[in-house]
Amino acid sequence: MYLTQGLHRALQRHPGKTALRHLAQGDERHWTFAQFAGRVGRQAAALQARGVTPGERVALLAANDDALITLLTACWWLGAVACPLNIRWSVPELRFAVADCGARLLVAGAQCAAQATGLADMTPVATCDELAAESERLAPLEDTRTGGDALAALLYTGGTTGRSKGVALTHANFWAAAMTRGAELNNPPDSVSLLVAPLFHVAGLGRLVGQSIVGGTCATLPQFRAEGALAAIEQHHISDIVVVPTMLQALLDAPGFDPARLQSLQRIAFGAAPMPPDLLDRALAAWPRAEFFQAYGLTETAGAVCINLPANHRPEARALGRLRSVGRAGLGAEIRIVDDSGRELPRGEVGEIVVRGPMVTRGYWRLPEATAAALRNGWFHTGDGGHMDAEGYLFIADRLKDMIISGGENVYPAEVEAALRSHPAVADAAVIGVPDARWGEAVHAVVVLRAAADADPATVGDTLLAWCRQQLAGYKCPRSFSVTDALPLSAAGKVLKTVLRAGYRP
């Protein structure tokens, strides 16, 4: 199980078939499997010439495009560990991740050149174009065929304790997750998958891996824009797409939306946030022959461990109540609902969701205590609450961790709270998610100002928003603020966020 195996298989079966299409307006590029394999081998040689050896980490800071996919595959070809970084992060957030993973090299796309300059004092930096030019002068490196339990990627998640954690995922983890999905859903080699989910997220990277394994075609857009995605679907006969509900709504609401021109779509996967039934009804009407399915998984499981199959999304199946479910455990995954002591609960009772299987991470990079807390007795403790019905369908009840999902992005309140508390006018802060029609949840901050602070409660929100934007990615910054004299606390001194949520009115 090595992540370049699918490329070798495709090269043997159909070398002249299109492997990659980059669909940026005015800058479209196409690569056959033969061309792609040659580029991968030469870029692996270029990484080696820059001093990267098997097992070392390569930080990648680039939007979705053919260059990023080539570099990811070149890392695996060489036996290096790919560390794709969130291009929406601030420079301080990026600096932390680069230092934490101990990157031997940082490779940046053209759109991220400015961010990369703020990291050049930490590790050698190259641009995608520079590395590509260097690779043209080199002979292709022989594939090391690194796989199995060797690390394939470090994916950084937001931190529940105020710092990001590097999730260590092996080649075997990604393979197992791809098999979990593939066993439940058709993924033929003639499929064309539009990768709009960022490749620094497990949903995007996992979809790339699954498509690579079967020798399918991948198409990339540098960023999600509804009009661009609709044009790509129509012009390039896209058959597969992974979206969050806000993306699906943007597609349906786009001025140029015409379902008659978009019937190539055969599979539409969604996750990361609940799907509003009325939005699903609109999508089903627009694509009556497409398969819709919801997936539940985490970065720590390399992708989906639970899949709610297309049959459960059709109106005739809703009487069974399964539309709200995230499905049943996929191939190779075991799922239980447990109490605080780890004992399995009876069906129907709410507890913590725990997962076991070959797709589960071996742990958090250089965080043995966090790893031990999450991986107990062979089970990964997700921190998500849920219950399971008599037939094994899983229902998410609540997030035991206070993570906020806004527009498909995970926001961990501790990170935002730490940024707010670092402002001299703020004595304390609590961050919660509040309902939002567009984003699903919006980040809201409740702050306590210092007694001596020279701050107007009516305008302090603008000041704090500007402060947060200097330290955090835009999607993590609060969209609204309220000021209070004191935060509600439990007897143990913990902030009662349930009280804050109940008392907040948008």
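The values are calculated or read from the model by the stated rules, or taken from the named source; none is laboratory data. Predicted, not measured: the structure shown is a model, and the values here were computed from it. Positions of Cβ are backbone-derived with ideal geometry, glycine not excepted, and every protein chain shown enters the neighbour counts.
Some notes on this structure:
- Residues considered: VAL411, VAL431. Of these, the only one that is modelled with pLDDT of 90 or more and either of a type outside the set (Ser, Thr, Tyr) or surrounded by fewer than 16 Cβ atoms within 10 Å (Cβ to Cβ) (or both) is VAL431.
- Qualifying residue in region 73-95 (condition: among the acidic types (Asp, Glu), under 19 Å from THR220 (Cα atoms) and out of contact with any helix residue (DSSP H, G or I) (no Cβ under 7 Å at 6 or more places or on another chain)): no
- Pick from region 37-58, criterion charged (D, E, K, R) and assigned to a loop (DSSP other than H, G, I, E, B), ranking: surrounded by the fewest Cβ atoms within 10 Å (Cβ to Cβ): ARG50
- Whichever residue in region 179-194 is farther than 11 Å from ILE213 by Cβ and out of contact with any strand residue (DSSP E or B) (no Cβ under 7 Å at 6 or more places or on another chain) and, among such residues, is modelled with the lowest pLDDT: ASN186
- Taking the criterion of being basic (Lys, Arg) and modelled with pLDDT under 90, the residues of region 372-408 that qualify are ARG399, LYS401.
- Check on ALA63, within 30 Å of ILE238 (Cβ to Cβ) and either modelled with pLDDT of 95 or more or outside any strand (DSSP E or B) (or both): yes
- In region 245-265, the residues that are closer than 19 Å to ARG289 by Cα reach residues that are part of a helix (DSSP H, G or I) and acidic (Asp, Glu) with C-beta atoms within less than 9 angstrom, at least six apart or across chains, in these pairs: ASP258/GLU234; ARG261/GLU234; LEU262/GLU234; SER264/GLU234.
- Residue list for region 339-353, restricted to those being more than 20 Å from the chain's Cα centre (by Cα) and aliphatic (A, V, I, L, M): LEU345, VAL350
- Within region 346-375, the set of residues being within 17 Å of LEU298 (Cα to Cα) and among the charged types (D, E, K, R) comprises GLU352, ARG356, ARG362.
- Selection within region 66-91 - farther than 13 Å from GLY204 by Cβ and modelled with pLDDT under 95: ARG88, TRP89, SER90, VAL91
- Residues satisfying the stated conditions in region 307-337, i.e. outside any strand (DSSP E or B) and polar (S, T, N, Q): ASN312, SER325
- Sub-7 Å Cβ pairs linking a first residue in region 15-44 that is more than 24 Å from ALA231 (Cβ to Cβ) to a second residue that is modelled with pLDDT under 95 and hydrophobic (A, V, I, L, M, F, W, C), at least 6 apart or interchain, number zero.
- Yes/no for PRO457 being in the same structural domain as ALA418 (by TED's automatic domain parsing) and at pLDDT 90 or above: no
- Residue within region 178-201 that is within 30 Å of GLY228 (Cα to Cα), surrounded by fewer than 18 Cβ atoms within 10 Å (Cβ to Cβ) and in contact with a helix residue (DSSP H, G or I) (Cβ under 6 Å, 6 or more places away or on another chain) present: yes
For every residue, the table says whether it meets (1) at pLDDT below 90; (2) surrounded by 22 or more Cβ atoms within 10 Å (Cβ to Cβ); (3) outside the structural domain of GLY392 (by TED's automatic domain parsing).
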| residue | (1), (2), (3) |
| --- | --- |
| PHE257 | no, no, yes |
| GLY271 | yes, yes, yes |
| PRO276 | yes, no, yes |
| GLN294 | yes, yes, yes |
| ARG318 | yes, no, no |
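- Counting only strands (runs of 3 or more DSSP E) that sit wholly inside region 406-506, those with at least 1 residues that are without any contact (Cβ under 8 Å) to a residue 40 or more places away in the chain are 426-436, 440-449, 480-483.
So that you can scan it fast, the table gives a plain yes or no per residue for (1) closer than 23 Å to ARG88 by Cα; (2) at pLDDT 95 or above; (3) of a type in the set (Lys, Arg):
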{"site": "ALA116", "(1), (2), (3)": "yes, no, no"}
{"site": "VAL125", "(1), (2), (3)": "yes, yes, no"}
{"site": "ASP143", "(1), (2), (3)": "no, yes, no"}
{"site": "LEU154", "(1), (2), (3)": "yes, yes, no"}
{"site": "GLY159", "(1), (2), (3)": "yes, no, no"}
{"site": "ALA172", "(1), (2), (3)": "no, yes, no"}
{"site": "ALA177", "(1), (2), (3)": "no, yes, no"}
{"site": "LEU208", "(1), (2), (3)": "yes, yes, no"}
{"site": "GLY215", "(1), (2), (3)": "no, yes, no"}
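- Per this entry, ASP240 is counted among residues that are crowded, with 24+ Cβ neighbours inside 10 Å and either free of Cβ contacts under 8 Å to residues at least 60 places away in the same chain or more than 15 Å from the chain's Cα centre (by Cα) (or both).
- Residue count for region 338-396, restricted to those that are closer than 15 Å to LYS165 by Cα, in a strand (DSSP E or B) and without any contact (Cβ under 8 Å) to a residue 24 or more places away in the chain: 1.
- Among the residues of region 8-36, those that are assigned to a helix (DSSP H, G or I) and buried (at least 22 other Cβ atoms within 10 Å of the Cβ) comprise ALA10, PHE33, PHE36.
- Qualifying residues in region 464-489 (those that are polar (S, T, N, Q) and surrounded by 15 or more Cβ atoms within 10 Å (Cβ to Cβ)) - the one farthest from the chain's Cα centre (by Cα): THR484
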